[in-house]
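The values are calculated or read from the model by the stated rules, or taken from the named source; none is laboratory data. From a predicted model like this one, the values you see are computed outputs, not experimental measurements. Because the Cβ atoms are built from the backbone with ideal geometry, glycine has one as well, and the counts that use them run over all protein chains shown. Only protein heavy atoms, including side chains, enter the accessible area calculation; ligands, DNA and RNA are left aside. Shrake-Rupley method; radii C 1.70, N 1.55, O 1.52, S 1.80 Å.
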Amino acid sequence: MKRLLLISLCILALSGCEKASNQVHVRQITSFGTTVEVTLSAVSASDADQALDIIEQELNYMHEQWHAWRPSSITRLNKQLQSGQPFSVDEQLLPLLNQSKELYSKSLSYFNPAIGKLIELWGFYQDNPQITASLPPETMINQLVLSDPNMDNIVISDYEVRGTNSDIQLDFGGYAKGYGVQQLIEQLRARGITNAMVNAGGDIKVIGKRQARNWRVAIDDPYQEQPLGWLYMESGESIFSSGDYRRFFEVDGKRYHHIIDPNTGYPTEQARAATVIAHDPAVADAAATALMVAPQSDWLRIMQNMGLKHILIVTNDGTLHCDQGFAERLTLFSARKPHIIDK
Ligand code: AMP
Ligand code: MG
């Protein structure tokens, strides 16, 4: 009788544990100008809580450190770079600098986080998502395009860094979110969490599964409120999108958005949205921004150079362009037929 009771208690305890570990834990955190939603699966409530507290602290720290216009490590770094004098850089910033230099060259220089002065000139340095801005003077745009601040103007040797162009102004708005998501995933993994989704306003990395199934994600439609389609994500994949609908203002009925072509100094015109699937979320983030800028003739080279898995671009005429693999995985909500980008 006593033995039976013990066995029953054990079964009860085990099923209790199983229930806890089957639960999905979600936390929403406001950071990087958006809502970051972290979902953990197959983890106990107390482990999830502890991990999510750390994630929240880490997110707030990163957002403050990398802010483009409020006083931050980046605004201090910009002053040092603009001075032209050599200086020793904060160890934590070095991987960010090195990776963004590499992504600049692999993206054929369409992803250029050194053009902060142009982005500021266009009036996008405002916390308010409802941008109020006017067109900047053409002479100032042209002057910055001519001076061509870029990532090759940052010379790094060991821990010493020097800027060679006084117009360099780093703005990691096109990539910090992806870099940050990777840091968070590493934090989760270090705590033994192997099933998670970090969703930073539709920009996502997943590891493992949600309960027994692959994580499922939706893709924004630049033309409509409801998503364009959805797909299942494989463990370790990231999906990031850029679009002209995310931050913009209008003058005389024309839209001016926040992604600037470094070659013209003006908001890009060919694409309305770009979505990238890659392993590293920092790469996916930078690549989605680059694909908003690049002409169609460079899409495939960028895909190969940056090691992207899949790309999807919605051009101004509403056409969806994607590689064959993306088309096979994507379930569209409308009867549109994507145009396959030839390899
Ligand atoms: P995303 O939504 O990732 O495409 O990031 C857009 C942000 O990237 C803008 O708000 C700017 O801060 C920054 N940005 C704009 N144009 C570029 C560019 N050509 N290269 C790198 N960053 C850019
Ligand atoms: Mg980006």
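For Asp158, the accessible area of its heavy atoms, probed at 1.4 Å with every protein chain present, is near 140 square angstrom.
Extending 7 Å from the Cα toward the beta-carbon at both Phe333 and Asn305 defines two label points whose distance is 3.4 nm.
With a 1.4 Å probe and every protein chain left in place, work out the accessible area per residue of the chain in Å², rounded to a whole number. Write down the numbers at each step before the final one.
Working: 16580 Å² over 343 residues.
Result: 48 Å² per residue.
Karplus-based coupling profile of region 56-70, in residue order and whole Hz: 4, 4, 4, 4, 4, 5, 4, 4, 5, 5, 9, 5, 7, 10, 7, with θ = phi - 60° in 6.51 cos²θ - 1.76 cosθ + 1.60 and x standing for Gly or Pro.
Under a Cβ-only charge scheme (Lys and Arg +1, Asp and Glu -1), can you give me the dipole magnitude of region 214-343 about the Cα centre, in debye to the nearest 20? Write down the numbers at each step before the final one.
Details: 12 positive and 17 negative charges, 32 e Å.
Dipole size: approximately 160 debye.
Order Ile156, Ile204 by their accessible area, 1.4 angstrom probe, all chains in place, largest first.
Ile156, Ile204
Placing +1 on the Cβ of every Lys and Arg and -1 on the Cβ of every Asp and Glu, with nothing else charged, gives the chain a dipole about its Cα centre of roughly 1200 debye. When Arg70, Arg213, Arg336 are compared by accessible surface with a 1.4 Å probe, the order from highest to lowest is Arg213, Arg70, Arg336.
Here region 196-343 exposes an accessible surface that is 47 percent carbon and sulfur, computed with a 1.4 Å probe and the other protein chains kept in place. Quick one: Cα centre-to-centre distance for region 102-135 and region 62-77, in angstrom? Cα centres, region 102-135 to region 62-77: 15 Å. Per residue, the chain reaches -11000 deg cm²/dmol at 222 nm when only DSSP H runs of four or more residues are counted, each adding -39500 (n - 2.57). Within the full protein context, the accessible area of Met197 is estimated at about 20 Å² for a probe radius of 1.4 Å. Residue separation of Glu138 and Thr319 scaled by 0.36 nm, minus their Cα-Cα distance, works out to 62.0 nm of gained length. Given a 1.4 Å probe and the protein chains as shown, Trp69 ends up with an accessible area of around 90 Å². Rounded to the nearest Hz, the phi-derived 3J(HN,Hα) couplings of region 109-120 under the Karplus curve 6.51 cos²θ - 1.76 cosθ + 1.60 (θ = phi - 60°) are 6, 6, 8, 10, x, 8, 8, x, 5, 5, 5, 5, where x marks glycine and proline.
A cut-off of 5 Å between modelled amide H atoms, ignoring neighbours fewer than 5 places along the same chain, links Arg272 with Val314, Thr315, Asn316. About its Cα centre, the dipole of region 50-135 is roughly 480 debye, where the only charges are +1 on Lys and Arg Cβ and -1 on Asp and Glu Cβ. Since only Ala287, Ile219, Gly253 are under comparison, the one whose Cα sits farthest along the positive direction of the charge dipole of region 219-288, derived from C-beta charges on Lys, Arg, Asp and Glu, is Gly253. Here the extension length gained between Tyr266 and Val155 equals 37.3 nm, from 0.36 nm per residue of separation less the Cα-Cα distance. Report the Stokes-Einstein translational diffusion coefficient (µm² s⁻¹, integer) for the chain, Rh taken as the Kirkwood radius over Cα pairs, at 37 °C with viscosity 0.692 mPa s. It comes out at roughly 153 µm²/s.
Taking the charge dipole of the chain about its Cα centre, with +1 at Lys and Arg Cβ atoms and -1 at Asp and Glu Cβ atoms, the residue from Ala273, Ala42, Gly208 reaching farthest to the positive side is Ala42. Inter-part distance, region 247-299 to region 206-235, computed on C-alpha centroids, equals 22 Å.
For the set Lys205/Lys309; Lys106/Lys337; Lys117/Lys309; Lys254/Lys337, the pairs lying more than 21 angstrom apart at their alpha carbons are Lys106/Lys337; Lys117/Lys309; Lys254/Lys337. For region 227-233, 3J(HN,Hα) computed residue by residue from phi via the Karplus equation (6.51, -1.76, 1.60; θ = phi - 60°) reads x, 6, x, 9, 7, 8, 9 Hz, glycine and proline entered as x.
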